[in-house]
Amino acid sequence: MLKLGVNIDHVATLRQARYRTAPPGRPVEPDPVAAALACERAGCHGITAHLREDRRHIIDNDILRLRDSIKTRLNFEMANTPAIVEFALKVRPGIVCLVPENREEVTTEGGLNVVAQESALRELRKRMNDAGIEVSLFIDPDPAQVEASARVGAQFIELHTGRYADLYHQKAARNEEIQRLVQAATRAHESGLQVNAGHGLTVENLQLIHLVPHLVELNIGHSLISRAVFVGIETAVREMLAAMQGYPG
Ligand code: PXP
């Protein structure tokens with residue numbers, strides 16, 4: 001069964017829009033941990049949170065509280081920077097997903113360039129695995145990046161579906177991008193990697209994602225939190241899980 005990991009960063013974005021400078025102890029809302037627990041009640045399989053260097057949404061204490069509260073797996077999204085690496089080794093989430101980070105971007109824009117950082121990523125992968133943490137690499141559906149990810153020894157890749165989502169309304173281009181995703185997932189599976197996917201996915205556009213083989217988990221945030229404004233987060237998660245039911249597995 002295709003799993004759903006809910007990215008709760010945008011719940012924290014809403015909180016920070018009002019309470020970024022609130023003194024410690026002051027009640028603030030909405031609470032990303034409460035949101036994560038509601039997603040779990042609705043049947044999601046994991047919670048994803050990205051602690052960015054600039055702490056624009058998720059803050060350190062959110063991660064600590066998530067680790068201690070959720071019953072599913074915490075997927076800790078992070079850049080490979082010394083302070084965040086030390087924090088991850090202290091927190092020991094179930095899995096880390098390594099992403100590129102750039103302060104000017106609104107959201108994670110491109111995939112990680114694994115080819116260019118292969119030896120550094122292999123070292124980091126070993127440190128994480130030695131601490132009992134699995135490693136996923138967020139990459140574009142590019143055969144060279146898939147092969148480098150396998151050489152790094154990562155347990156998972158997460159295929160970046162942002163370009164597919166952006167091209168969704170241009171039929172020829174989006175079909176080409178689906179083919180790139182199909183080929184990348186096939187190659188990853190043959191290399192022993194487990195395959196996740198995410199970025200920009202919605203109830204509507206995930207139907208064609210069903211064509212991509214070997215997927216284990218989708219990580220979805222923005223469209224779920226947007227839908228939650230109208231129907232509540234539990235219903236939004238249930239709707240997404242229902243839309244994922246058709247995945248052939
Ligand atoms: N996967 C990764 C690695 C991401 O960086 C993000 C965005 O934070 C997502 C999945 C979820 O993307 P979206 O919020 O567009 O669903």
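Just so it is clear, none of the values below were taken in a lab; they were calculated from the coordinates. Since we're looking at a predicted model, the values are computed, not measured. Cβ placement follows ideal geometry from the backbone for every residue including glycine, while neighbour counts extend to all protein chains displayed.
What the table below lists for this structure:
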{"read-out": "Dipole magnitude of the chain about its Cα centre (Cβ charges: Lys, Arg +1; Asp, Glu -1), debye to nearest 20", "value": "520 debye"}
{"read-out": "Residues with amide H under 5 Å from that of Asn219, placed H, sequence gap 5 or more", "value": "Gly5, Ala197, Gly198, His199"}
{"read-out": "Total charge dipole magnitude, region 1-134, about the Cα centre, Cβ charges on Lys, Arg, Asp, Glu only, Debye to nearest 20", "value": "420 debye"}
{"read-out": "Residues of region 1-40 with amide N under 12 Å of the 7 Å Cα→Cβ point at Arg55", "value": "20-24"}
{"read-out": "3J(HN,Hα) from dihedral phi, region 8-18, Karplus parametrisation 6.51/-1.76/1.60, rounded to Hz, x for glycine, proline", "value": "9, 3, 6, 5, 5, 4, 5, 4, 5, 4, 10"}
{"read-out": "For Leu14, net neighbour charge (Lys/Arg +1, Asp/Glu -1) across residues whose Cβ lies under 11 Å away", "value": "-1"}
{"read-out": "Unit charges at the beta carbon, dipole of region 42-198: most positive-side option, Leu193, Ser149, Gly110", "value": "Leu193"}
{"read-out": "Counted charge near Ala173, where neighbours are those whose Cβ lies closer than 14 Å (Asp, Glu -1; Lys, Arg +1)", "value": "+1"}
{"read-out": "Cβ crowding within 10 Å averaged over residues, with 111-120, 142-151, 194-203 ranked highest first", "value": "194-203, 142-151, 111-120"}
{"read-out": "Glu29 paired with Ala172, simple spin-label distance in nm, labels 7 Å along Cα-to-beta-carbon", "value": "5.1 nm"}
{"read-out": "Relative contact order (%) - the chain, alpha-carbon pairs under 8 angstrom, separation at least six", "value": "20 percent"}
{"read-out": "Of Leu167, Leu218, Leu66, the one that fluctuates the most in a GNM where the chain has Cα springs shorter than 10 Å", "value": "Leu167"}
{"read-out": "Separation in nanometres of the label points that stand 7 Å from Cα toward Cβ, at Ala83 and Leu64", "value": "1.6 nm"}
{"read-out": "FRET E, pair His210, Glu190, Förster distance 22 Å, beta-carbon r, rounded to 0.05", "value": "0.60"}
{"read-out": "Taking N as its residue count, the alpha carbon Rg of the chain over 2.2 N^0.38 Å", "value": "0.96"}
{"read-out": "Helix-only CD estimate at 222 nm, as mean residue ellipticity for the chain, using -39500 (n - 2.57) per DSSP H run (n ≥ 4)", "value": "-14000 deg cm²/dmol"}
{"read-out": "Fraction of antiparallel bridges per DSSP, the chain only, in percent to nearest 5", "value": "0 percent"}
